[in-house]
Amino acid sequence: MTANTPFEADIEAQPDALRALAGAATPSGLRELDPQSFSRIVFTGMGSSHFVGIPTWRNLTAKGRPAWAIDTGQLLDTPGLLTPDTLLVITSQSGASGEVVALLDRLEEDPARPRTIVGITADSNSPLAETAELFLPLHSGPEATVSTKSYLNSLVVHAQLAAALNGRDVSAVNYEADRLAGIVTRLLTSTDTAETAATTLDGERPRVAAVGWRDDAATALFAGLITKESSKVAIEGHIGGQFRHGPFELAGPGLTVFLYGAHAASDDGSIARLASDLAATGAHAVLIGDMVLAGTTTIRASASTSLEGLVTGSIVAQLIARDLALENGVVPGAFAYGSKVTTAL
């Protein structure tokens, strides 16, 4: 891969960002978190910073812990969810997005403020880093445009947090992050999504969707967001079965659906059925994983662990977004109307 734009340069820099995080000292307060001292855990953020908390939320709820994942805009509208014995985890790559700053300002004056706020951000001088009782830095470095390095490193930091809250060794996540840096390097050099992008936009009425199940729901939502930002192609991300409730009516020639988490060993049949049903209508199903089905396309992405699947799926989503931008005749990752940090409410 040759970096011709800041977005592509950020994509190429992701292995180094993962290694920087893997080699950094783990904040001491992370190991000291005691989930038993909180009545609930709330994960919040906006956009990809919200989506990245979905796997952590699923991990904790599977172990019986009372946890919520809610975007910060909704949290501002439902402040009763926060109590003095809430562990509030806020992810914001900039640490300064409009909703996050508004929430921090409100909590500063609230007598029922959560006892502990965990701030996950790349900017140590941001309002989030300065307000949080526990600051977990991303070590992802500057990022020019659409979320790339910061998202992958957020996945790792969330995995560290989940390990700490479950009483597991946080350093094991660091070792995995270092291993994943090598996997990402190989994936970036071996994955070709240009033909898939060309097929996606071929025809008179192209439609595009991304779908993911379980932890990979986060990747599908991430793919929907960064593809719109990067390529100006209209696409929506859906969580699993949501796609059959209405969006399936877009099926037929011209529809491309990217199915994230398409791994034969973990599929309960839902992915294979949806892919086959889509193919039967003339739609193009693209399987991100190792599953191979007649009438569909497979883009290889390994998943020996949940974190590996999230990281490799996200890389594929970025490459697809880049190639869709090129196919659509726009500069990959360049903002036309918005900006990297959204401060307006």
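The values are calculated or read from the model by the stated rules, or taken from the named source; none is laboratory data. Computed from a predicted structure; not experimentally measured. Neighbour counts are summed over all protein chains in view; Cβ atoms, including those assigned to glycine, are modelled from backbone coordinates with ideal geometry. We work out accessible area using only protein heavy atoms, side chains counted, and drop any ligands, DNA or RNA first. Shrake-Rupley method; radii C 1.70, N 1.55, O 1.52, S 1.80 Å.
Restricting the stretch 165-182 to residues that are small (Gly, Ala, Ser) and open to solvent by 10 Å² or more (accessible area, probe 1.4 Å), which is nearest to residue 318 (Cα to Cα)?
So the first thing to find is which residues in the stretch 165-182 are small (Gly, Ala, Ser), and the list is 167, 171-172, 177, 181-182.
So of that shortlist, the ones also open to solvent by 10 Å² or more (accessible area, probe 1.4 Å) come out as 167, 171-172, 182.
Numbers: 167: 33, 171: 28, 172: 26, 182: 17 Å.
Ranking the candidates gives 182 first.
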What tally of residues in the stretch 315-331 results from selecting those that are closer than 12 Å to residue 198 by Cα, open to solvent by 10 Å² or more (accessible area, probe 1.4 Å) and either assigned to a helix (DSSP H, G or I) or of a type in the set (A, V, I, L, M) (or both)?
-> 5
Can you name the residue in the stretch 203-212 that is at pLDDT 95 or above and out of contact with any Asp or Glu (no Cβ under 7 Å at 6 or more places or on another chain) and, of all such residues, is nearest to residue 56 (Cα to Cα)?
-> 212
Restricting attention to the stretch 102-117, does a residue exist that is of a type outside the set (D, E, K, R), over 27 Å from residue 25 (Cβ atoms) and in contact (Cβ under 8 Å) with a residue 40 or more places away in the chain?
-> yes
Sort out for me the strands (runs of 3 or more DSSP E) sitting completely within the stretch 197-271 that have 1 or more residues that are closer than 17 Å to residue 50 by Cα.
-> 207-212, 235-239
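From the list 122, 163, exactly one residue is modelled with pLDDT of 95 or more and more than 18 Å from the chain's Cα centre (by Cα). Which is it? Break it down stepwise before answering.
Details: 122 fails: more than 18 Å from the chain's Cα centre (by Cα).
163 is the lone residue from the list that is modelled with pLDDT of 95 or more and more than 18 Å from the chain's Cα centre (by Cα).
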Near pairs, Cβ below 8 angstrom, 6+ apart or cross-chain, from the stretch 1-28 (among the aromatic types (Phe, Trp, Tyr)) to any residue that is open to solvent by 20 Å² or more (accessible area, probe 1.4 Å) and assigned to a helix (DSSP H, G or I) | 7/322
Boolean, residue 336 is more than 15 Å from residue 196 (Cβ to Cβ) and either without any contact (Cβ under 8 Å) to a residue 60 or more places away in the chain or open to solvent by 40 Å² or more (accessible area, probe 1.4 Å) (or both) | yes
Sole residue being open to solvent by less than 30 Å² (accessible area, probe 1.4 Å), in contact (Cβ under 8 Å) with a residue 40 or more places away in the chain and out of contact with any helix residue (DSSP H, G or I) (no Cβ under 7 Å at 6 or more places or on another chain), chosen from 254, 261 = 254
For the stretch 145-157, state whether one or more residues are more than 21 Å from residue 94 (Cβ to Cβ), of a type in the set (Val, Ile, Thr) and either within 16 Å of the chain's Cα centre (by Cα) or buried (at least 16 other Cβ atoms within 10 Å of the Cβ) (or both).
-> no
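Where residues in the stretch 202-224 are over 18 Å from the mean Cα position of the chain (by Cα) and touching a residue at least 24 places away in the same chain (Cβ under 8 Å), which of them is surrounded by the fewest Cβ atoms within 10 Å (Cβ to Cβ)? Write out each step before concluding.
Pass one, the stretch 202-224, residues over 18 Å from the mean Cα position of the chain (by Cα): 202-208.
Checking the rest, the ones that are also touching a residue at least 24 places away in the same chain (Cβ under 8 Å) come to 203-208.
Numbers: 203: 12, 204: 6, 205: 9, 206: 19, 207: 20, 208: 25.
Checking each candidate, the answer is 204.
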If you go through the stretch 299-309 one residue at a time, do you hit one that is buried (at least 18 other Cβ atoms within 10 Å of the Cβ), over 16 Å from the mean Cα position of the chain (by Cα) and not acidic (Asp, Glu)?
-> yes
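Got a sec? Which of 191, 227, 185, 199 is open to solvent by less than 30 Å² (accessible area, probe 1.4 Å), more than 18 Å from the chain's Cα centre (by Cα) and at pLDDT 95 or above? Can you show your working first?
Working: 227 fails: more than 18 Å from the chain's Cα centre (by Cα); 185 fails: open to solvent by less than 30 Å² (accessible area, probe 1.4 Å); 199 fails: open to solvent by less than 30 Å² (accessible area, probe 1.4 Å).
Being open to solvent by less than 30 Å² (accessible area, probe 1.4 Å), more than 18 Å from the chain's Cα centre (by Cα) and at pLDDT 95 or above holds for just one of 191, 227, 185, 199, which is 191.
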Residue 274 being open to solvent by 70 Å² or more (accessible area, probe 1.4 Å) and part of a helix (DSSP H, G or I) = no
Every residue from the stretch 3-61 that is open to solvent by 30 Å² or more (accessible area, probe 1.4 Å), hydroxyl-bearing (Ser, Thr, Tyr) and more than 16 Å from residue 137 (Cα to Cα) = 37, 39, 61
